[in-house]
Structure formats: C-alpha cells, structure tokens
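The values are calculated or read from the model by the stated rules, or taken from the named source; none is laboratory data. The structure displayed is predicted, hence computed values, not measured ones. Cβ atoms come from the backbone with ideal geometry, glycine included; neighbour counts cover every protein chain shown. SASA here: full protein model, heavy atoms, side chains in, ligands and nucleic acids out. Shrake-Rupley method; radii C 1.70, N 1.55, O 1.52, S 1.80 Å.
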Amino acid sequence: MRQKIVAGNWKMNNTLDEGLKLTSEIVNMVNDEVNTDVRVILAPPFVHLTQVRGLVKDSEKISLSAQNCNENDEGAFTGEISAEMLASVGVQYVILGHSERREYFDETNEQLAKKIDIALANNLKPIFCCGESLEVRENGLFKEFVSNQISDSLFHLGEEDLKKVVIAYEPIWAIGTGKTASTEQAQEMHAVIRELLAERYGADVAENISILYGGSCKPSNAPELFACKDVDGGLIGGASLKSRDFLDIIKSF
Ligand SMILES: O=C(CO)COP(=O)(O)O
C-alpha cells in the first residue's frame with residue numbers, strides 16, 4: 001500500500017506565534033479526529049521549525065518538513081540553510097523544486113538534482129515538485145515537460161534512494177488561483193508520472209511511490225481528487241493555513 005500523505009506548505013506566512021497556534025490546533029484535531037493511516041506533514045518557515053518540532057514530536061501521524069535547502073554541504077552561502085542543519089533540528093522531509101522557487105529563484109533541474117542528493121545524504125525525504133505553466137499546458141507539451149523535470153532531477157538516483165522520494169504534481173496555473181485541475185487532468189498526469197517511473201525503475205517501485213496533487217486543493221475538491229487511482233494525497237498551500245480546512249482535507253480520503 002502506498003503511503004497517503006497530506007502536506008501543508010505554509011510558504012512565507014505566519015509569525016512564530018501564529019505558526020505555533022496553528023500547529024497546536026492541528027495536533028489536537030489530528031489526535032481527536034484522524035484514525036486513518038494518512039501521514040500529515042507540516043512545512044513551516046525555517047525559523048519555526050525547532051518550536052513546531054517540539055509540538056509535533058510526540059505525534060505518530062505528523063512529520064516535519066522544510067520548504068527548501070541549499071545544494072552545498074556547508075560554507076560561505078550567506079542566508080542559506082543546509083540539509084545537515086535541517087536534519088539536526090529533527091526535520092524529516094524537505095520540499096524541493098517548488099514552482100515558486102523555480103520561478104523567483106531560478107532553480108534549474110540540474111541544481112535540483114544536487115539538492116535531492118544532499119537531502120538524501122542527510123536522511124531527509126525529498127518532496128519533489130513538478131508541474132507546467134498555463135502556456136505549456138495550452139501548447140499541449142505538458143506531459144513531456146513534466147516528464148523532463150522528473151527525469152532530469154531524479155533519474156540519476158538508484159532504486160533505494162528513489163523509493164524515499166515523494167512527488168508532488170502542482171500545475172502552476174492551479175496554484176493560488178482557485179482554479180483546480182479537474183480530476184481527469186490530475187489523474188491523467190499522475191498516471192503519466194507513474195508510468196515514467198515504472199519504465200525507469202520497474203512497476204513495483206512505481207506502485208509504491210506517493211504522488212501528491214497540489215494547486216487550489218480545498219475541502220470541497222479534495223475528496224474527488226484523492227479518490228483518483230494515482231493521487232495519493234495533496235500538497236496544500238492556502239488551505240493549510242486554516243486548521244479546520246486542513247483537517248477536512250486530511251479527512252477526505
Ligand atoms: O503551491 C502549493 C503547495 O505547495 C499550492 O498552493 P495553493 O493550495 O494555495 O494553491
């Protein structure tokens with residue numbers, strides 16, 4: 001059975017107090033209401049990680065993620081955070097290749113391959129994001145585009161490392177726009193991704209990789225998205241900032 005996952009990417013939102021309040025609400029609600037085998041992941045800003053970790057560390061269902069890491073081991077990279085630092089404060093996952101980082105910070109597939117390697121070397125599980133712009137969707141080349149993102153950044157990995165990666169398909173035209181991919185569009189791309197993984201790593205490996213959907217996922221559309229055969233959960237932005245909405249999404253399986 002593939003791991004079901006709902007991850008909340010807070011992006012650059014919440015002061016520390018707000019983040020801790022949100023975390024406490026989520027911890028209580030997950031304890032009280034969630035009895036399925038879904039893994040809940042919180043990805044707060046870097047400066048919240050240590051204290052959020054204090055609140056979630058006793059929860060069997062909740063894990064902690066960072067939103068990025070640098071591709072180098074250590075050194076003169078002012079303002080950056082290494083994978084080793086994240087591991088040292090108890091972080092278990094790291095989001096890599098989010099479209100906002102690709103767009104605003106010019107992250108390339110090649111750079112992301114290095115980030116994936118350094119994350120894995122420090123026992124962090126990458127949540128690797130991929131997804132096409134509206135322009136690429138409309139010119140019809142979206143399957144090739146997303147397949148290239150995945151093969152360029154992940155296909156140098158051996159099987160054991162690839163098994164530790166979670167993939168998040170986030171069509172850029174659906175992020176923060178209120179415009180969700182239809183279930184057909186989501187399922188179609190998730191199946192393309194799984195088939196690509198099967199061709200490179202074999203059907204058994206592909207069957208066990210969790211592929212999350214992201215982009216305007218909310219309580220009203222999560223049930224139908226999560227019911228798709230190849231959708232194993234969601235990477236949630238805006239709706240993860242409200243505990244009730246986030247919980248309702250977690251309970252949508
Ligand atoms: O980018 C996302 C999660 O990483 C999705 O954001 P929204 O859920 O706000 O559209």
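Here are the numbers:
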item: Residue 198 vs. criteria more than 13 Å from the ligand (Cβ to nearest atom) and of a type outside the set (D, E, K, R); result: yes
item: Residue within the range 37-54 that is of a type in the set (Val, Ile, Thr), away from the ligand (no atom under 16 Å from the Cβ) and either part of a loop (DSSP other than H, G, I, E, B) or more than 17 Å from residue 91 (Cβ to Cβ) (or both) present; result: yes
item: Residues (of a type outside the set (Phe, Trp, Tyr), within 16 Å of the ligand (Cβ to nearest atom) and either touching a strand residue (DSSP E or B) at 6+ places or on another chain (Cβ under 9 Å) or touching a residue at least 12 places away in the same chain (Cβ under 8 Å) (or both)) located in the range 207-222; result: 210, 211, 212, 214, 215, 216, 217, 218, 219, 221, 222
item: Within the range 153-172, tally of residues that are open to solvent by less than 30 Å² (accessible area, probe 1.4 Å), in contact with a helix residue (DSSP H, G or I) (Cβ under 8 Å, 6 or more places away or on another chain) and within 13 Å of the ligand (Cβ to nearest atom); result: 4
item: Of all residues making up the range 224-241, the number that are under 18 Å from the mean Cα position of the chain (by Cα) and open to solvent by 30 Å² or more (accessible area, probe 1.4 Å); result: 2
item: Among the residues listed as 89, 47, 52, the single one being open to solvent by less than 20 Å² (accessible area, probe 1.4 Å) and β-branched (Val, Ile, Thr); result: 52
item: From the options 114, 57, 125, residue that is open to solvent by 10 Å² or more (accessible area, probe 1.4 Å) and modelled with pLDDT under 95; result: 57
item: Residues of the range 1-36 satisfying the condition of being open to solvent by 60 Å² or more (accessible area, probe 1.4 Å), among the aliphatic types (A, V, I, L, M) and within 16 Å of the ligand (Cβ to nearest atom); result: 12
item: Considering residues of the range 241-253 that are away from the ligand (no atom under 11 Å from the Cβ) and of a type in the set (A, V, I, L, M) only, the residue farthest from residue 184 (Cα to Cα); result: 247
item: Counted residues, the range 62-86 - those being open to solvent by 50 Å² or more (accessible area, probe 1.4 Å) and under 14 Å from residue 127 (Cα atoms); result: 0
item: Within the range 1-17, tally of residues that are outside any strand (DSSP E or B) and either closer than 14 Å to residue 167 by Cβ or modelled with pLDDT of 95 or more (or both); result: 11
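To keep it simple, each residue is scored yes or no on (1) within 16 Å of the ligand (Cβ to nearest atom); (2) of a type in the set (D, E, K, R); (3) modelled with pLDDT under 95; (4) farther than 30 Å from residue 33 by Cβ.
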| site | (1), (2), (3), (4) |
| --- | --- |
| 150 | no, no, no, yes |
| 174 | yes, no, yes, no |
| 205 | no, no, no, yes |
| 230 | no, yes, no, no |
| 239 | yes, no, no, no |
